[in-house]
Number of protein chains: 2
Amino acid sequence: MLEKTTRINFLYDFYQALLTEKQRSYMEMYYLEDLSLGEISETYNVSRQAIYDNIRRTEQMLEGYEEKLNLYKKFQERQTLLEKATSLMNSEQYSELKTILDKISDIE
Amino acid sequence: MLEKTTRINFLYDFYQALLTEKQRSYMEMYYLEDLSLGEISETYNVSRQAIYDNIRRTEQMLEGYEEKLNLYKKFQERQTLLEKATSLMNSEQYSELKTILDKISDIE
C-alpha cells in the first residue's frame with residue numbers, strides 16, 4: 001500500500017502538467033494533504049463515489065503516461081547511475097567513472 | 001529553417017508515444033523520409049491541404065507537450081552538465097566534478 005502511494009506520488013510529480021485542474025485538486029487533497037474521500041466530497045459538494053472514480057481514473061492516466069514516456073523509470077535509472085558515479089569518484093576510481101558518465105548521457 | 005526542423009525532430013523523439021498512428025506516419029514521411037506534401041497526399045489518397053493541416057497541428061501538439069513537460073529542455077541541460085563533468089574529469093578537477101554530479105541529479 002505504502003509502495004503504491006509512493007509510486008503514484010512520483011508519477012504525479014512527473015505528469016501533473018498533463019492533468020486537468022480538477023484532477024490535480026482531487027489528487028493533491030487525497031495524496032498530499034491526506035484528506036479522506038468523505039472530506040473531499042464535502043468540500044466540492046459532489047458524491048464520495050464521484051471523487052473516488054475520478055481519482056482512480058487519474059491514477060490510470062498517470063500509469064498510461066508512464067507506459068508511454070517512462071519518465072519515472074528513466075529517472076530511477078539515472079539516479080542509480082549518479083549514486084554509483086559519486087561513489088566511484090569518492091573512492092578515486094576515475095576510469096570507471098568515465099564509463100558511468102557516458103551511460104547517464106545515453107538516457108534521454 | 002534548419003534549426004526549426006532540428007527542434008521538431010527532437011520534440012518528435014521525446015513525445016511521439018503521445019501521438020496517434022496517423023500523426024506519426026505523416027511526421028515520419030515528412031520529416032524523416034523527407035517526402036513532399038504532394039507525395040504523402042498521393043500515398044494516402046487525401047488532399048495535400050489535409051496532410052499540411054495535420055502536420056501543423058501535430059507540431060503545435062509537440063510544442064504544447066514541451067511547454068508542459070520540458071523534456072527537451074531538461075535533456076539539453078543534462079547534456080551540457082555531462083559534457084562539463086567529462087571535461088573536468090579529463091583535466092583531473094575532481095572537486096568541481098562532484099558539484100556537477102549533484103546538479104545533474106537535481107534535474108528530474
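The values are calculated or read from the model by the stated rules, or taken from the named source; none is laboratory data. Since this is a predicted model, take the numbers as computed values, not measurements. Cβ coordinates were reconstructed from backbone atoms using ideal geometry, including for glycine residues, and neighbour counts include every protein chain displayed. Just the protein is used for accessible areas: all its heavy atoms, side chains included, with ligands, DNA and RNA removed. Shrake-Rupley method; radii C 1.70, N 1.55, O 1.52, S 1.80 Å.
Numerical summary
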read-out	value
Unmet requirement for A:Ala17, which otherwise passes all of (1) open to solvent by 60 Å² or more (accessible area, probe 1.4 Å); (2) in a helix (DSSP H, G or I); (3) not hydroxyl-bearing (Ser, Thr, Tyr)	(1)
Test: residue in segment A:33-46 that is at the interface with another protein chain (Cβ under 10 Å from one of its Cβ atoms) and outside any helix (DSSP H, G or I)	no
Within segment B:79-89, considering residues that are under 30 Å from B:Leu62 (Cβ atoms) and either more than 8 Å from chain A (Cβ to nearest Cβ) or among the small types (Gly, Ala, Ser) (or both), the one surrounded by the fewest Cβ atoms within 10 Å (Cβ to Cβ)	B:Thr80
Flag for A:Glu92 being without any contact (Cβ under 8 Å) to a residue 40 or more places away in the chain, open to solvent by 90 Å² or more (accessible area, probe 1.4 Å), within 10 Å of another protein chain (Cβ to nearest Cβ) and not in a helix (DSSP H, G or I)	yes
Residue among A:Ser105, A:Ser87 that alone is within 13 Å of B:Lys98 (Cβ to Cβ) and either under 28 Å from the mean Cα position of the chain (by Cα) or not β-branched (Val, Ile, Thr) (or both)	A:Ser87
Members of segment B:95-108 that are closer than 25 Å to B:Asn9 by Cβ and at the interface with chain A (Cβ under 8 Å from one of its Cβ atoms)	B:Ile104, B:Glu108
Restricting segment B:60-74 to residues that are under 11 Å from the mean Cα position of the chain (by Cα) and among the acidic types (Asp, Glu), the residue that is nearest to B:Glu108 (Cα to Cα)	B:Glu66
